[in-house]
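Down below is the structure, laid out as structure tokens.
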């Protein structure tokens with residue numbers, strides 16, 4: 001698990017006034033997911049909501065995709081989302097929420113789209129099976145880069161979890177994120193171009 005990513009997401013959530021505690025665990029291994037949720041419940045009681053960020057990334061062209069990378073994508077995004085939903089529903093206070101952050105819309109390779117659609121299918125299926133729980137998804141327009149440029153994604157995820165979105169279920173929203181400025185190194189290179 002990416003500790004920096006989890007810490008960054010928690011920091012962004014707390015900047016908006018909510019409480020977030022990153023806990024390390026491999027969400028693609030059911031025993032890790034189970035023990036993580038048990039640890040959270042032991043420390044804090046039942047949860048009001050869960051935000052799960054899918055983390056797999058593939059920039060490999062479709063025709064060059066290897067079997068191992070495909071399994072990693074499925075494991076890190078689809079399996080982790082399935083297990084978080086399965087186990088998480090057991091640890092939610094009545095009428096809680098789950099928001100899944102799906103792979104970015106900029107990823108249009110067939111293998112990435114199929115993973116995104118599989119997670120969307122989980123959202124739809126869980127919404128139909130458990131109508132008392134608000135399960136939704138958000139699709140960022142691009143890869144996350146920093147707290148300063150990703151606030152719209154955090155706000156959307158929290159908004160879907162807030163009581164303002166009480167009747168919203170089974171929705172997958174695309175969230176447009178602003179493009180960050182070029183890094184200082186790129187800026188310096190561009191200045192040198194005649």
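Each value in this text was obtained by applying a stated rule to the coordinates, not by laboratory testing. As the structure is a prediction and not an experimental result, all values here were calculated from the model.
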Helix-only [θ]222 nm of the chain, DSSP H runs n ≥ 4, -39500 (n - 2.57) each, per residue, nearest 500: -13500 deg cm²/dmol
Helix 3-15 axis, angle to the chain major axis (alpha carbon atoms, nearest 10°): 70
Value of relative contact order over the chain, rounded to a whole percent, pairs C-alpha under 8 Å and six or more apart: 20
Hull volume in cubic angstrom per residue (convex hull over the Cα atoms of region 41-154): 115
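Please give the contour-minus-distance gain from residue 60 to residue 43: 0.36 nm per residue of separation, less the Cα-Cα distance, rounded to one decimal in nm. Intermediate results must be reported in sequence, preceding the final value.
Values: separation 17, 0.36 × 17 = 6.12 nm, distance 4.06 nm.
Full extension of this stretch gives 2.1 nm more.
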Among 99, 127, 19: highest mean-square fluctuation, GNM of the chain, C-alpha pairs under 10 Å: 19
Gyration tensor over alpha-carbon atoms, region 3-192, equivalent ellipsoid semi-axes in Å: 28, 21, 16
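Using only alpha carbon pairs under 8 Å that are at least six residues apart, calculate the relative contact order of region 1-93 and give it in whole percent.
The value is 34 percent.
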C-alpha long axis of helix 151-161 to longest principal axis of the chain, angle in °: 20
